[in-house]
Amino acid sequence: MPELDLATWVLLLLAGLTAGWVDAVVGGGGLIQLPALLLVPGMTPVQALATNKVGSIMGTSTSAVTYARRVQPDLTTAAPMAAAALAGAVGGAALASHLPAAAFKPVILVVLVAVAVYTVARPSLGTHTRLRWEGNRHRVSAAGTGLVIGVYDGVLGPGTGTFLVIALVGVLGYAFLPASALAKITNFATNLGALIFFVPAGHVVWHLGLAVGAANLVGGYAGARMAVAKGSRFVRVVFVVVVGALIVRLGYDVVTGA
């Protein structure tokens, strides 16, 4: 891989910083960080995906710790959800070589449009936590949700954190702020699961991943603190913006066949 010029380094670090902030608030930072890595001369798509995971896991670990200290998310939900998500991400990464990612995109696009309409039409959604189930049923539902989204992260990837927030708010009944806190713990697990597959295969470009990760870490810390300070209504607004960006991105991929 050729030496990078200063402008490319600045672009990568800014992308990592911004992605870390967005990921910490509501997920979806990969929409910013991954395209920036794909602009690096000589970087293959699989290297960009693997290197993006290194940057992301550094940011999600920081934001997860920040949320854990300030929001104190329910670990009886986080533990089964994260464990199932990790297993799903490993399996999804292996499955990715056999299934065309383009086949999933139209379905995901329809789901995202429905989620956006539903969220905008219900201003009270996610302002307060009203759990749908209690006890073992709640934990099993959390684990099932983690498994499905973990597989998605391994197969396709973009917007995993956002899908976790969607599920935690819409399916399990959390408010946006605790949903973001739980999503960060689970997203850490999905990133780890993907790296369990990518690292032994030698796909990670370490010096780029660690540099972008350091910027992502700073953005993740700042984003988590801002989300905690401003609460669920702020997270809801950012959520709607990020879902809109995901719709545009996946819509473009579907139309162009990317």
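Computed from the coordinates by the stated procedures, all read-outs in this text should not be read as laboratory data. Computed from a prediction, not measured in an experiment: that's the story for all the values here. Every residue, glycine as well, gets a Cβ built from its backbone with ideal geometry; the counts of neighbours run over all protein chains shown.
Where in the chain are the DSSP H helices whose alpha-carbon span along the long axis reaches 27 Å or more and whose Kyte-Doolittle mean is at least -0.5?
6-25, 45-70, 75-95, 135-155, 176-198, 206-230, 232-256
If you rank ASP5, ASP253, ASP153 by fewest surrounding Cβ atoms within 10 Å, what's the result?
The most exposed by this proxy come first: ASP5, ASP253, ASP153.
What does the C-alpha gyration tensor say about the overall shape of the range 6-256? Classify as rounded when a/c is under 1.5, otherwise prolate if a/b is larger than b/c, or oblate.
rounded
Choose one answer from ILE166, ILE32, ILE149: the residue with the largest mean-square fluctuation in a GNM of the chain with alpha-carbon springs under 10 Å.
Greatest mean-square fluctuation among the candidates belongs to ILE32.
How much net charge surrounds PRO80 when only the other residues with a Cβ under 13 Å from the Cβ of PRO80 are counted, with Lys and Arg +1 and Asp and Glu -1?
+1
Give the range of the longest stretch in the chain that excludes all trypsin sites (Lys or Arg not before Pro) found in loop regions by DSSP and having at most 12 other beta-carbon atoms within 10 Å.
With a cap of 12 other Cβ atoms within 10 Å, the longest stretch comes to 1-129.
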